[in-house]
Amino acid sequence: MPLELIPVPCLADNYAWLVHDAATDTTIVIDAPEAAPILHELFARDWKLSHILITHHHADHIQGVPMLEAATGARLYGAGADAHRLPALTEGVEAGDVLPIGMQQVKVIGVPGHTLGHLAYYFEHAGLVFTGDSLMGWGCGRLFEGTPAQMLDSLKRLAALPGDTQICSGHEYTLANGRFALSLEPGKPELVARMKSAQTLQMEGRPTLPVPLSLECATNPFLRAASPALAAAVGMKGADELAVFTELRARKDRF
């Protein structure tokens, strides 16, 4: 029986992600920007929340945790190394851990860059990965704590997953990220087509996420830093991948 996946809009542009395994009546939420919208979705579906998985410590991903815990008694998982700046964890986890939740074996992937303790959660059998503010729709997160080299390594780790893996990131930033991508390579057919699709979804009031990893690999400039064509487009012909990635991230910060 397939998992049910529900993106829950929170705050101005965040997502919490509800995952329901009907076979075991297990419900998981990844990140908790605010409690009320999540509780509303749980009540509407008569789902009992059992697990909360946190990608990183920023307030817009954890500030709903205390109310959710109080209302549901769910178990809380996050980076053990960041326990001092997270709500009290039921269990601290680290890269390489595997969490048996319901019928799923959830793999914990370390993705430092946006923050040093950032984690992603990979539901391998369901083909879902929850990336928080590391790999985002058509972009990647700002480097608040990590280095370009760390973020590039993190993105390459995620890009190595199967191409049909669905990317579930923490914000609805796709259109803004797409405008940046098109500023680098105006008229590139794959980018133009993705922008048209994303604009249609937004006009219809639908999320632009999740999105298959294969589309990210084909269109996301931060996953294409090794592309000679992209390097040439930013005036860095012959530069190495890390140098191009560093320039891309700096340009996006100013965009």
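Quick notes on this one:
- Test item: Cα-centred dipole of region 21-100, Lys/Arg +1 and Asp/Glu -1 on Cβ, debye: 140 debye
- Within the shell of other residues whose beta carbon sits under 15 angstrom from the beta carbon of Gly80, the net charge comes to -2, with Lys and Arg scored +1 and Asp and Glu -1.
- Taking a straight Cα-Cα cut-off under 23 Å and skipping sequence neighbours fewer than 8 places away in the same chain, the lysines within cross-link reach of Lys48 are Lys107.
- Relative protection proxy for 132-140, 10-18, 156-164, 222-230, from highest mean packing down: 132-140, 10-18, 222-230, 156-164 (other beta-carbon atoms within 10 angstrom).
- Between region 71-98 and region 47-70, the Cα center-to-center distance that results, in Å: 10 Å
- Computed from the Cβ-Cβ distance with R0 of 41 Å, the FRET efficiency linking Thr200 to Asp46 stands at 0.80.
- Computed helical MRE - 222 nm, the chain, DSSP H runs ≥ 4 contributing -39500 (n - 2.57), nearest 500: -10000 deg cm²/dmol
- Annotation: peptides 236-243, 71-78, ranked by per-residue average of other Cβ atoms within 10 Å with the highest first, follow the order 71-78, 236-243.
- Gain on full stretching of the segment that runs from Ala176 to Ala160 - 0.36 nm per residue minus C-alpha separation: 3.3 nm
- Separation between Cα centres of region 120-156 and region 186-255, rounded to whole Å: 15 Å
- Prolate/oblate/rounded call for region 159-205, Cα gyration tensor, a/c under 1.5 rounded: oblate
- Positive minus negative residues near Gln105 (Lys, Arg vs Asp, Glu; Cβ under 15 Å): -2
- Segment Leu5-Met103, extension gain: residue separation times 0.36 nm, minus the distance between their alpha carbons: 33.8 nm
- Whichever lysines have a C-alpha closer than 27 Å to that of Lys252, once near sequence neighbours (fewer than 8 apart) are set aside: Lys156, Lys188, Lys196, Lys237
- In plain terms, the chain from Glu91 to Ser214 could stretch by 41.0 nm, reckoned as 0.36 nm per residue minus the Cα-Cα distance.
- The relative contact order of the chain comes to 13 percent, based on Cα pairs under 8 Å that sit 6 or more residues apart.
Every read-out reported here was derived from the displayed coordinates using simple, explicitly stated rules and does not represent laboratory data. On a predicted model such as this, the values are computed, not experimentally measured, just so you know. In this analysis, Cβ positions are derived from the backbone assuming ideal geometry, glycine residues included, and neighbour counts consider all displayed protein chains.
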